[in-house]
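S.K.: Have a look at the structure that comes next, please.
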Amino acid sequence: MIASFLFLAGATLEATATLAQTANGQKHKAPHITAQPLSQTVTAGQSTSFSVSAMGNGVTYQWQKNGGAISGASNSSYSTPATTVSDSGCQFTVTVSNNFGSVTSNPALLTVNAVMSAPVITIQPNSQAVTAPNSAVFSAAATGTAPMSYQWKRNGLSISGASGSTYMTPATSTSDNGAGFSVVISNAAGSATSAAATLSVAPAPTIVLSPNVSNLNFGNVNVSSSSLQNVTLTNAGNSNVTISQVMVSGAGFNAGGATGLILSPGQTTVVNATFTPSTTGAASGTVIVSSNATNTPATIGLTGTGVTPLAHSVSLSWTDGETGVTGYNTYVASVSGGPYLKLTSTPTAGTSYVDSSVQSGRTYYYVVTALDSTNQESTYSSEIAAIVP
């Protein structure tokens, strides 16, 4: 019972002492923040204020921006100067102090939005030219406050789903030729409409390779002799034709030229076909020209007859007034103007030549060239024709 009384007496004495100190103003405390500064959002050019509430005796204030003290900002509230977009994201704190300590507030974030501006188109959509069925792509750009929206139009009517800064058309046709495409760019401050861009659509390409003949008849050709004829191939379409391969079939027939060529519209090339029979009798074959043309392959029929050689010949002679000539080459063709085949494997020294490979009933066309000591060859002489009876 005595112990209990002493405890209560001690407690009573302590409480009395605390009250006395408070009444006499002898108990002091460090600052304590009761209301933190709040984050603020403004538009560029505006000012804003941050404030703090604190308890404590004799407190002072110092505001900081991103950790650095702000000169003269020593009140419980702080008003910023006019803000700029570069101030966005800055953090403001305040340190509250007295003789017994200090405390720093939580950071308050400043968000500065740019002044809203309506769209101004800086890049207009350009007119486009395509070949059907290729698509066309239109694009535009603008300055202004984001976010901005886009709506493309065709001939003034909105295109469903066309809401980006670029627009790709579906596969085109000639019915799209002359259509106008524009875009409306909008934001919360207004909108701007672009100039109209024109779509030009050319017809789909046609790729056609046309031979000038469908058949070549070599007639009678001496066995072991050769006859040459030509096929002219013309690009009759409006797009390039690429000739990938020239093939020939049939005993004694051969063909060359044109493989790997690219012919532009209207351009021609020549395929050389030859018949060199090894036996007597009728022969047939084909020349097949493969390409990227829609009518590929082009097929040319070949016919000819091998005959036993007869003792026919053509004797040629000429004069040449030039000095320094060391020899001559003789050439023959089956049509006037060539192309010519060289008959002499080595130049002849004299001014005459006998062609023993001719056939009865045919006409041959001859030219000669001259060579000097450096083997430089002259141009063709004038052509002469020989009719073999």
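A short reminder: the numbers here are calculations on the coordinates, not readings from a lab. Everything numeric in this text was worked out from a predicted model, so none of it was measured. As a convention, Cβ positions derive from the backbone with ideal geometry for all residues, glycine included, and neighbour counts pool all protein chains shown.
S.K.: Under the 0.36 nm per residue contour assumption, what length would be gained going from the current alpha-carbon distance of ALA30 and GLN376 to full extension?
M.R.: Length gained between ALA30 and GLN376: 113.2 nm.
S.K.: For the stretch 296-312, list residues with backbone N below 15 Å from a point placed 7 Å from the Cα of ASN217 toward its Cβ?
M.R.: 301-306
S.K.: What residues have an amide H closer than 5 Å to that of THR206, excluding those fewer than 5 places away on the same chain, when H is modeled at 1.01 Å from N in the peptide plane?
M.R.: Counting only residues 5 or more places away or on other chains, the set is ASN238, SER239.
S.K.: Using alpha carbons only, what's the Rg to Rh ratio of the stretch 209-307 with Rh from Kirkwood?
M.R.: Reported Rg/Rh, Kirkwood definition of Rh: 1.03.
S.K.: Ok, one more. For labels at ALA114 and SER175 in the simple 7 Å Cα→Cβ model, what's the distance in nm?
M.R.: 4.3 nm
S.K.: May I ask you to sort VAL270, VAL59, VAL52, VAL221 by Cβ crowding, counting other Cβ atoms within 10 Å and putting the fewest first?
M.R.: By the 10 Å Cβ count, ascending, the order reads VAL270, VAL59, VAL221, VAL52.
S.K.: Now a separate question. When the chain is modelled as a GNM with alpha-carbon springs shorter than 10 Å, which of GLY144, GLY256, GLY337 fluctuates the most?
M.R.: It is GLY337.
S.K.: Over the stretch 120-202, calculate the relative contact order: mean separation of alpha carbon pairs under 8 Å at least 6 apart, over the residue count, as a percent.
M.R.: Once divided by the residue count of the stretch 120-202, the mean separation gives 39 percent.
S.K.: Give me the Debye-computed log₁₀ of I(q)/I(0) at q = 0.20, 0.25 Å⁻¹ for the stretch 128-175, equal point scatterers on Cα only, no solvent, two decimals.
M.R.: Those come out to -0.75, -1.02, one per q.
S.K.: For the chain, what does the helix formula give at 222 nm: sum of -39500 (n - 2.57) over DSSP H segments with n ≥ 4, over the residue count, nearest 500 deg cm²/dmol?
M.R.: Calculated at 222 nm, the ellipticity per residue is -2000 deg cm²/dmol.
S.K.: If one takes the longest principal axis of the Cα atoms in the chain, at what angle in degrees, from 0 to 90 and to the nearest 10, does the Cα axis of helix 2-24 lie?
M.R.: So the helix axis and the longest Cα principal axis differ by about 80 degrees.
S.K.: How large is log10 of I(q)/I(0) for the chain at q = 0.06, 0.13 Å⁻¹ when the intensity is taken from the Debye formula with one equal scatterer per alpha-carbon?
M.R.: -0.62, -1.10
S.K.: Contour minus end-to-end for SER165 and ILE384, with contour as 0.36 nm per residue of separation and end-to-end as the Cα-Cα distance?
M.R.: Extra length available between SER165 and ILE384 comes to 71.5 nm.
S.K.: Still on this structure, please answer the following. Each residue of the stretch 347-360 in order: what ³J(HN,Hα) in whole Hz does its phi give by Karplus 6.51 cos²θ - 1.76 cosθ + 1.60, θ = phi - 60°, with x for Gly and Pro?
M.R.: x, 8, 7, x, 9, 8, 7, 10, 9, 9, 9, 6, 10, 5
S.K.: Kirkwood Rh over Cα pairs of the stretch 86-127 into Stokes-Einstein at 4 °C, 1.567 mPa s: D in µm²/s?
M.R.: 88 µm²/s
S.K.: Check SER244: other-chain or 5+ apart residues with amide H under 5 Å from its amide H, H built from backbone geometry?
M.R.: GLY260, SER290, SER291, ASN292
S.K.: What list of ³J(HN,Hα) values in whole Hz, one per residue of the stretch 323-336 in order, does the Karplus curve 6.51 cos²θ - 1.76 cosθ + 1.60 (θ = phi - 60°) give from phi, with Gly and Pro shown as x?
M.R.: 9, x, 7, 10, x, 9, 10, 10, 10, 9, 9, 8, 10, 5
S.K.: Right, here's the next one. Please quote Rg/Rh for the stretch 120-202 to two decimal places, taking the Kirkwood radius as Rh and restricting both calculations to Cα atoms.
M.R.: The Rg/Rh ratio comes out at 0.99.
S.K.: Hey, another quick one. Given 0.36 nm per residue, what is the gain on full extension from THR294 to SER139 after removing their alpha carbon distance, in nm?
M.R.: Difference between extended and current length: 52.3 nm.
S.K.: Additional query: THR344's amide H: which non-local residues (gap 5+, or another chain) put their own amide H closer than 5 Å, with H modeled 1.01 Å from N in plane and none for Pro or chain starts?
M.R.: Answer set, sorted by chain and number: THR330.
S.K.: Loop-only check: which GluC sites (Glu not before Pro) in the stretch 279-383 are DSSP coil with at most 10 other Cβ within 10 angstrom?
M.R.: Passing sites in the stretch 279-383 are GLU322.
S.K.: In Å and whole numbers, how far do the C-alpha atoms of the stretch 306-379 stretch along each principal axis, longest first?
M.R.: Result for the stretch 306-379: principal-axis Cα extents of 42, 23, 20 Å.
S.K.: Continuing with the same structure: Using the number of other C-beta atoms within 10 angstrom as an exposure proxy, rank HIS312, HIS32 with the fewest first.
M.R.: Listed from fewest to most nearby Cβ atoms, that is HIS32, HIS312.
S.K.: Using the Karplus curve 6.51 cos²θ - 1.76 cosθ + 1.60 with θ = phi - 60°, what ³J(HN,Hα) values do you get for each residue of the stretch 237-245, in whole Hz, with x for Gly and Pro?
M.R.: Here the 3J(HN,Hα) series is x, 10, 9, 4, 10, 9, 8, 8, 7 Hz.
S.K.: How large is log10 of I(q)/I(0) for the stretch 31-113 at q = 0.11, 0.14, 0.17, 0.21 Å⁻¹ when the intensity is taken from the Debye formula with one equal scatterer per alpha-carbon?
M.R.: -0.28, -0.44, -0.62, -0.89
S.K.: Arrange the following residues from fewest to most other Cβ atoms within 10 Å of their Cβ: LYS342, LYS153.
M.R.: Ascending Cβ contact count within 10 Å gives the list LYS342, LYS153.
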